[in-house]
């Protein structure tokens, strides 16, 4: 029985070498025999994870603040009567379990609360800002993955060589600085070359293709910042995967067939090394979301991360709660996708 | 007729001072089967892989390996790659992961065909299916993956793969070691039949003398990186000239040989470390017949019978082989 | 110890940490409150390096060099305290989970897994926002988001150690649970915790910088993160004030590298079979 919770993908990433007894599985393939069952199991696990996230979110945002109405009205003179009224309005006098249940109901129906700052439902704010974040993250993820995998393959194939050492040193250095600092440095370096912030230039009033170019122009620096910080992870993942494959006998078979070194690497080593990497890559995609917070803050990129940053100023608790739930959900979804993709790609796991 | 393969003074050293193969030489004619026996660490696999320069980059290989007159050790890389598989292919232990786990076996068999010959994908797949049939694996399973087969079937797939480009020589490295006795016999019989029909020469490596004696015309015995005896298998099994070969025969009883019916005697001691120089006979410390000269004088292969050489001082040095 | 000295990367890391640590400790000797208080300084505002201010000044006229050195104190303090909390929490959970592998252990590991599933920055931000601004809430937030790695490590090691015969012997001789955990398991787990701690400090310092930058820190504090936050909100970026941005970032880089390299070196020394 599979262990529920997101730890499962980690164990899948390094599957136990499938049992190969001398007289093992003979006979026809049973490829997608268990897929629906597997899918159902993973969905249940993801649902449980999400539920736990909601509990933790509830605890943090509703039970911990000493007095939410005081926090809410911080800095604004309010009478005791008004505070009492607010408490009644927010249902703060109800017993905990009742508040949790109504919280649960609200969240699951998409009712994420009302932002104090923006005077708007949190859900609509999230809806507005989701697109830009997906654009930024999607582009950054794609570039990082391609760059990271390529560097990882070549670093690992000749590990200890020049490329390996340079890539490792660069990765370590880039990991050791805060993301937002890199963003600021890039901004200073590129004053006048690239826009200093935002997603598009309001003065331009561009439409259609011009708008796309304008957004792309604004996308360069934030995307570059994210890539610099994140690609190192993918290099590491792919590099260690390739190194794991290096000693495998089937590579010797491939060489004996007369394939060139590059062909052996490309056709045999890389596909095998990609498998465990895919799972970890998807899991890391989930954390990319959090990385977006600092980058969007630095570049005033109008996404979920920037929304969170602005929410911290009051602090706008309902909005923070909303973004917390959205971020957590995205991680859970990514982990779920990771499991599924691995399952679909690895012929050994498929038949299991 | 010139021999198919002529090996002279093949030496393989790993840095800093590990001499895995020391001055091995032999010839192989077309269609001949040669078994190479020896315990672990004797250098037999290293020697076989060294023939096609398949060893790790840290290995230094010297000597001559003439395949149809052409020295593979000094050949250009592209020439070597052309000879690989199309001239000489390899059967590895398929039970372990010598097959790519994430590609279908049909594809893996077709791969060298597409590499070495100008044929269409369809043609290559057709030939792969035919090869599977030949080795007794249903061609319908060409789309299955290695883990879906048993050990014996995987070994057959490896044989099919080795035959794909119609080579003149097959090097079989421990082809049956991980298999149980019944399956082992089946696979060996299959291999013998196929190479006989096609006139393919075979170099078969094993630590199990009984396997080799049953399938190969000639036997070569290696110890501590050196070739210590080589000759017709029937002669070596019954009338071994080298004490080590005798010991090996006792350890692996050969079915049909009455002398093996007695309990095999173990060999005391361990093989020498490969970093040692070994001036005299490497086997001297463990040899029941060793004399003083054995430990200090270098021993070369000398004739011990028709087409039979042994590197032992007890064999009188006659005309050079 | 000798083996550690043979590794150049580790040595470099240790050297950097030693220098920065000394600076941090000695800072009060040559930096007084006058130089840090925005109301009491009189240097040029947001000036690039000039005479008397080798690294320039901030918007209030304070010397960046002195701020950076003082920042070492506060940043390292938060980093170390957060690490201590993390390690205590993580080790406790790991030890218990490993020692009672049945229902207790499973339950604890489930909890750990749930925490691992939560995205760390949003979690830290939420906790910190709810607890109010300040160093304390940042420290707690870091601990809550970092303890899981230590917990898993300690649990694995506890299971490994308890499988060894000498623990069985202790049990047979009547040793109680607490005794086994504290006297048999803990000493064997400590080296691993040490390695894990150095890496935890590195990430704690990065986290502190991030959380402070986002506005969750004490506004009067002078950590490197705070410096960068003030630089950002004070328009240092658009003004091109590289002297304000580089020193705190490079300081963070040096400290994080220092701890990471030292941690890796110690790891290699303790476990020579590891492939880098």
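Taken together, the values in this text are just the output of simple stated rules run on the coordinates, not laboratory data. Since we're looking at a predicted model, the values are computed, not measured. Using ideal geometry, Cβ is built from the backbone for each residue, glycine included, and neighbour counts are taken over all protein chains shown.
Observations
- Largest first and in whole Å, the equivalent-ellipsoid semi-axes of chain C read 41, 21, 14, each the square root of five times a Cα gyration tensor eigenvalue.
- Counting DSSP beta bridges with both ends in the stretch B:140-232, the antiparallel % (nearest 5): 55
- As a rough guide to protection, the peptides C:247-259, A:203-215, C:45-57 ranked by mean Cβ packing within 10 Å, highest first, stand as C:247-259, C:45-57, A:203-215.
- Euclidean distance of C-alpha centroids, the stretch C:145-191 and the stretch C:99-134, integer Å: 22
- Taking only the alpha carbons of the stretch A:282-352, we obtain Rg and Dmax values of 16.1, 54 Å in that order.
- Rg [Å, one decimal], Dmax [Å, integer] - the protein assembly as shown, C-alpha atoms: 35.2, 120
- Relative packing of B:81-87, C:237-243, C:174-180, which averages over residues the other C-beta atoms within 10 Å, highest first: B:81-87, C:237-243, C:174-180
- Bridge type composition, chain B - antiparallel percent by DSSP, nearest 5: 60
- Taken over the C-alpha atoms, the stretch C:217-265 has Rg and Dmax values of 13.1, 41 angstrom.
- Relative contact order (%) - criterion: Cα under 8 Å, at least six apart; region: the stretch B:26-86: 20
- Neighbouring partner chain Cβ atoms per residue of A:168-178, average, 10 Å criterion: 5
- Computed over chain B, relative contact order equals 19 percent, with contacts defined as Cα pairs under 8 Å that lie 6+ residues apart.
- Descending principal axes extents, the stretch A:90-193, alpha-carbon based, whole Å: 65, 38, 23
- Largest-first principal axis extents of the Cα set of the stretch C:77-129 (Å): 36, 24, 12
- Highest-fluctuation residue, B:11, B:176, B:74 considered, GNM on chain B with Cα pairs under 10 Å: B:74
- Shape box of the stretch B:1-159 [Cα atoms, principal axes, largest first, Å]: 48, 34, 28
- At 1.002 mPa s and 20 °C, Stokes diffusion of the stretch B:72-157 via Kirkwood alpha-carbon radius, µm² per second: 156
- Histogram of C-alpha separations across chain B, 10 Å bin width, %: 6, 26, 33, 23, 9, 2, 0
- Each part reduced to its alpha carbon centroid, the stretch A:117-195 and the stretch A:216-268 end up 18 Å apart.
- Under the Debye formula (equal points on every Cα, no solvent term), log10 I(q)/I(0) of the stretch C:148-276 at q = 0.22 Å⁻¹: -1.18
- All Cα-Cα separations within the stretch C:63-105 were binned at 10 Å from zero, giving a P(r) of 26, 26, 20, 15, 10, 3, each value a whole percent of the pairs.
- Considering only beta bridges that DSSP places wholly inside the protein assembly as shown, some 60 percent are antiparallel.
- Take each residue in A:257-265, count the other chain C-beta atoms within 10 Å of its C-beta, and the mean is 5.
- Spread over its residues, the convex hull of the C-alpha atoms of the stretch A:228-352 is 121 Å³ per residue.
- Per-bin percent of Cα-Cα distances, the stretch C:57-152 [10 Å]: 16, 34, 28, 14, 6, 2, 0
- Taking every residue in B:80-89 and counting other chain Cβ atoms within 10 Å of its Cβ, the average works out to 3.
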